[in-house]
Each structure stands twice: as C-alpha cells, then as structure tokens.
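Input: a single structure, listed below in structure tokens.
The values are calculated or read from the model by the stated rules, or taken from the named source; none is laboratory data. Everything quoted here is computed from the prediction, not taken from an experiment. All Cβ positions, even for glycine, are placed from backbone atoms using ideal geometry, and neighbour counts span all protein chains on display. Side chains included, ligands, DNA and RNA excluded: accessible areas come from the protein's heavy atoms. Shrake-Rupley method; radii C 1.70, N 1.55, O 1.52, S 1.80 Å.
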Amino acid sequence: MAIFSISDIRMAGLSACVPPKTLSNHDYKWIKVKEREQVIKTIGVENRHVAEPGQTTSDLCFQAAEQLLGELKWDRNEISILVFVSQSRDYIIPSTSAILQDRLKLPKSCMAIDINLGCSGYVYGLSVIGSMMKAAGLHKGLLLVGDLSNVTSSYRDKSTYPLFGDAGTATALELDPGAAPMQFNLQTDGSGYEAIIIYDGGVRNLASKKSFATRKYGEGIYRNRLQIALNGIEVFNFSLREVVPNIKTTLKHFGRELPEFDYLLFHQANRLINETIRKMLKVEPERVPYSLRDFGNTSCASIPLTMVTQIREALEQKPQKLLLSAFGIGLSWGSVLMETSGLVVPPLTELEPASQPGV
C-alpha cells in the first residue's frame, strides 16, 4: 500500500470545459421508456455532454488551461511541468502532453508527460505532479485531466452508453513552503483489468477486420472489440470492497477524522455505487457533491468537474478541507486528504471552435 505525504505544494486554481453538444438519457431510444427511467434512477445520469467528431480531450483541456492561466495571470515561462492524464490521447504517438506544451506556448524548459489512467487518474495525477514539483523544486505546474469516453461506447450497449460523458480540466499547482500537505493512499489490483476494457486496438490485439464485427454479449448489449466493455457487477463489488477501507486506512494513518472534512469528492462512477459508499461511511448527503445528473461519468475528469460545477463558490470564498476518492479502471483506486485556500475557479465553459486546431 502506497501511503505518503507531499508537503509545500498548493493548489492555486481549477477549471473545466465540456463539449457544447448534450444528450438526454430520456431520449435513449435503444431501450424502452420504462427501462430508460429505471436506468436513469439507478445510475443518476439524465444528461451528458459529448464530443463531436474532430473534438478531442486535448481541445477541452487546452481551453480549460487557457481560461485558468488567464485568470491566474501566470507568466507561462515559469511553468516547469505539464502532466496530461487521459485514456483518449490525440495519437498513439507522440505524447499529447508535448502537443499541449506547444499549443499553450509553454517554454521548452517545461517537462511534459502523459499518464494513461481513467477513473483514478485525478488523484494519481496530483500525486505525480506534486511529487515531481517537490523533489525538483519546480515552482509552477499544470495538471490537465480529461477523457472522451463516449466515443468508444456502443449506442447499442445499454450498460455503457447512458453512463459516460466527456470533459477536460486544468489544475494549477505551485510550490509554497508551509502549504498544508497532500496525504495520499494509492492502490492497484491488476487481476481485475478486464472489468473495464477495450480489447482491440493496442499492441496486444492489433486492430483488424474482426475488431469491427458487432456481437451480442447480453440483452441490450451489442458492441465490437474496439468499444468499451464494462462488467458492472464486478466494478460494483470492487468499489464496495475496496473504497471504504482505503479511506479509513488513510484517515487512521494520518491521524485524521472524517467529520473534519468539509466535502468528500468521489469519482462519479454511478449513483448506486456512490450512494452506497456514502452510506457505508455515514456521511451526510450535503457533504458529498454530485455532477452525475448533468454530466455523467466523465472518467478521470469527474472529481475536478464536480468541484468546478458544484462547490465553486465555497472553494473561492474560504479554506476547505477535502477528501478526494477515485476508483475504477485498472483496477486502481486511491484517496487524498488536502486543504485549499483562495482557489481561483472560473465558471465551467463549453468548447469554442477557436480551441480546436485548424478551425
């Protein structure tokens, strides 16, 4: 179990961007009205923002970063690290972080790296960029986190299509001696890698003609091997088995108590999973914000998107103690205990054509 603390790193700001196109699960014609209503009630998703062809995760993160840097009035030449966390990169090669370094006009002295993670990606991303900034004495950094999950979901797969939405986020961090520590507990169980997977298109199973063949995997579940496969029961059982012990272990290790935290921000998996975890922890609903209803499960972007859309004013107006818990694909999961003060949090934006290259 990787339990560690990172000191002297402060979150300076946070922003989020979504595609303008929205889909309503009330209009999901693949399943009947009664089943639609049951799906919406169970997963808690009514509407989702989805990218149009040609729009990418990097476009969303680029606009979020531009907005945030404008609000912060940072000198871009002082940014020494950019970390991009996503499962929907622009290309197989090169890294998307390098493309974003250039698009954002960051200096050549800025290191740029990609991290291929989904659901747990924001917490893991904070640990990576925070550790590197602390170890190397880097004064300013950008964590860009997001995904286009809808693009790999089959319309004829009722287990995935109504769930996922698309979003990109930007988090600004700076070296600040004396800043409250970020306290992490990160875990992995690769034996469950098939619980959420796209089987073809990587080096293990190269894309072929067979990859595009649609098959039936259950009632109302049709997909090909280039589309996401989700074992809902396995993910549900994993989440209930691992998330609460992870949180409790983190609190005990660092001598903290759950009531001291203003908000608990969970990865927006689905409402049934999240509400079950909340009740297991015996936390009041008002301390556990949701963005599921209007945005769906936005993969690694879900926690920062929830912060921007649900508790923006609280983050800007006074210090907050936060517990972030992310869990899912990998399987991987983790928590971070952190404190914020005076965050710059611009309102949520929708992607503008000017934020897409060549438009």
The residue that is nearest to residue 32 (Cα to Cα), considering only those in region 202-215 that are in a loop (DSSP other than H, G, I, E, B) and not aliphatic (A, V, I, L, M), is 214
Report, by residue number, each residue of region 99-120 that is surrounded by 13 or more Cβ atoms within 10 Å (Cβ to Cβ) and not in a loop (DSSP other than H, G, I, E, B).
99, 100, 101, 103, 111, 112, 113, 114, 115
Filtered residue count, region 77-98, keeping only those that are part of a helix (DSSP H, G or I) and touching a strand residue (DSSP E or B) at 6+ places or on another chain (Cβ under 9 Å)
4
Among residues of region 216-255 being touching a Phe, Trp or Tyr at 6+ places or on another chain (Cβ under 6 Å) and part of a loop (DSSP other than H, G, I, E, B), the residue most open to solvent (accessible area, probe 1.4 Å) is 225
Tell me which residues, restricted to region 213-241, are among the β-branched types (Val, Ile, Thr), touching a residue at least 24 places away in the same chain (Cβ under 8 Å) and under 30 Å from residue 280 (Cα atoms).
228, 235
Considering only region 197-212, I want to know if a residue exists there that is in contact with a Phe, Trp or Tyr (Cβ under 7 Å, 6 or more places away or on another chain) and either within 29 Å of residue 132 (Cβ to Cβ) or in contact (Cβ under 8 Å) with a residue 60 or more places away in the chain (or both).
no
Subset of region 128-144 (residues that are assigned to a helix (DSSP H, G or I) and open to solvent by less than 10 Å² (accessible area, probe 1.4 Å))
129, 130, 133
Considering only residues that are open to solvent by 50 Å² or more (accessible area, probe 1.4 Å), in contact with a helix residue (DSSP H, G or I) (Cβ under 8 Å, 6 or more places away or on another chain) and touching a residue at least 40 places away in the same chain (Cβ under 8 Å), which ones fall in region 333-352?
348, 352
